[in-house]
1. As a quick test, which of the pairs K191/K288; K62/K181; K197/K366 have an alpha carbon distance above 21 angstrom in this structure?
2. As an exercise, use a Förster radius of 45 Å and the Cβ-Cβ distance of E165 and H439 to find the FRET efficiency, rounded to the nearest 0.05.
3. Between L304 and S223, what is the label-to-label distance in nm when each label sits 7 Å out along the Cα-to-Cβ direction?
4. Please say if the range 373-486 is rounded, prolate or oblate, where rounded means a/c under 1.5 for a ≥ b ≥ c the square roots of the C-alpha gyration tensor eigenvalues, and otherwise the choice is prolate for a/b larger than b/c and oblate otherwise?
5. Using 0.36 nm per residue of separation minus the Cα-Cα distance, give me the extension gain between N58 and Q376 in nm, one decimal.
6. Where the centre of each part is set by its Cα atoms, how far does the range 331-357 sit from the range 121-200, in angstrom?
7. So, by mean Cβ neighbours within 10 angstrom, what's the order for 355-367, 286-298, 176-188 with the highest one leading?
8. Once the other residues with Cβ under 14 Å from the Cβ of L456 are scored (Lys, Arg +1; Asp, Glu -1), what is the net sum?
Amino acid sequence: MSKIGNPLCAAVLLAFVVMSLTLLVNNWHSKDRDAKFTKENLDADLAVQRSLLVYELNERRKEILPFLILSENERVWEESEHISGDPSTKSKRMNGNSENAAVSEGSIPYSGEIGCNELVEMRAVDVLGSGYTKLVVKVLLSEGQPVALKFVNDQGADMGRCLEEFKDPEGCHELVSYKLKKEILLLQKLKHRNIIKLQGHCEEEGGGGGGGRRITAILEQGSPLQMIQLLQSPWEERFRVCLGLARLLHYLSVSPLGSVVLLDFQPRQFVLVSGELKLTDLDDASVKEPECRSDQDCVLQFPLRSFNLSCSPQGLCEGHNERRNLYNAYRYFFTYLLPHQAPSALTHLVERIMNSTGELQAGINKTLEAFEEVLQLYQSGPHLVNLPPALLRDYSVMRGVRTSGDVGYRCWGSYSHQGCLLSVQSPREAALLCSSQSHCTSFSLSQQKTWTGRPLASFRTGFSHLVPDETSEVYLRKSKASGATV
Ligand SMILES: Nc1ncnc2c1ncn2[C@@H]1O[C@H](COP(=O)(O)OP(=O)(O)O)[C@@H](O)[C@H]1O
Ligand SMILES: *[C@@H]1O[C@H](CO)[C@@H](O)[C@H](O)[C@H]1NC(C)=O
Ligand SMILES: *[C@@H]1O[C@H](CO)[C@@H](O)[C@H](O)[C@H]1NC(C)=O
Ligand SMILES: *[C@@H]1O[C@H](CO)[C@@H](O)[C@H](O)[C@H]1NC(C)=O
Ligand SMILES: [Mg+2]
């Protein structure tokens, strides 16, 4: 709406002014006339609203057009290479439309994914979340496959704002649907382990006599990101989220669409899938760097900080998208998740990441390098190689057994809420931890590993007996009588 130079916009504004004037004049003259004029006023009012809505619809259509054209070119290429799915289902799904017709209609091409047919026998299980624009529900497909379905949230704030302005439920649904369409198109182009996987979509005539096309995105199921919960989880898990974010931002900076910026960057736009961070809300992503005339136009503004970027000879703010993402990652994620309880041998590296992202001294490439270095050090644990073997002298080892009837205790950063379950580098590190806690009398190691491949050790005060278990070993602390009965 803000681009004054746009001729269509000017035309609409003109129409608006003319109609407003007509209304004003009508009002002036209608003081003591009959209700017929009131109705005409109403009609004029509706016409203004309608033309503004049509204008907005056109703007949204234009916004997604580049992605649609990209999809079509790829699809045609795929077909000519004979690497696409079953051609009979494809032609059925395309309803015999020519490709160009599909683009001009603004419908998204299908490509061998889950579609409307698979949704017929689904079972809705729960609401997963909702936001300004969309509603997400958890469903099971007929074969028991769990997926997340994303719809336009007809009760949401986006829809509410539109209805207030235009009072046209169908038009508003169509308007808001463009955001979901854009998201689906972006998800088709952007593939990364830290972006939610699009498993398909469904676009069909709306049921219930409502008319209009309803669109559904079919996604990999995750769980909404709970920052409070994440703050209480082990450092290794919090580091995993931050590393995932760094990898995501690196990908976004060199994506097939160019450098992508997330305009509405907030933890609620992400979900976790088995502990891995995934971006799910993409409707507010942009692939354009802001235009500029001079460096003054390129100030990157945050509530508590601002950064001066430079205006390139091509008239674009250089590196704006990458830097905006990176600083948001710092202020919403890294500050809360990264430094707290980091292993002491890594605090220096972690602090360097905090300093360089908090000041935007380095770009995403250098930041990701630093993250991968932390991971590598954490996994190989060179800081722990020198733990003295004597640490284990205080313990007697029993292989092929596990404990039962544990008397546990809780510890900070535990993987389990009931007891003390921690990730360790080796039995020596576990011994070091146990020996440092007066109430620890034994610990065991099983085959259970964390995402970095480190074993999990479970620490306890006592237990009632031992049972055979090939995959487990128990370390009893000699100096503390554990009172176990074998
Ligand atoms: N694949 C998914 N699995 C689980 N929850 C999801 C998934 N996608 C989104 N959500 C939840 O639904 C909420 C709304 O989705 P989102 O795409 O952010 O909609 P909006 O554009 O309205 O903000 C998110 O904040 C998230 O908690
Ligand atoms: C950014 O530029 C403005 C002038 O445009 C200047 O006043 C300000 O000090 C600069 N800030 C930094 C951090 O360089
Ligand atoms: C990070 O910044 C602080 C404050 O500017 C400084 O004291 C500290 O030495 C820096 N740390 C690293 C690792 O650069
Ligand atoms: C960052 O790395 C990518 C490849 O991963 C490369 O294409 C790009 O040029 C690098 N950017 C900078 C600023 O070095
Ligand atoms: Mg959202």
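Values quoted throughout were computed directly from the atomic coordinates according to the rules given, and no laboratory measurement underlies them. It should be emphasised that the depicted structure is a prediction, and the values quoted were computed from it without experimental measurement. Glycine gets a Cβ as well: all are built from the backbone with ideal geometry, and neighbour counts include every protein chain shown.
1. In this structure, K197/K366 exceed 21 Å between Cα atoms.
2. Efficiency, from the Cβ-Cβ distance: 0.10.
3. So the label points at L304 and S223 sit 2.9 nm apart.
4. prolate
5. Result: 109.5 nm gained on full extension.
6. About 35 Å separates the Cα centre of the range 331-357 from the one of the range 121-200.
7. Order by mean packing, descending: 176-188, 355-367, 286-298.
8. Result for the neighbourhood of L456: 0.
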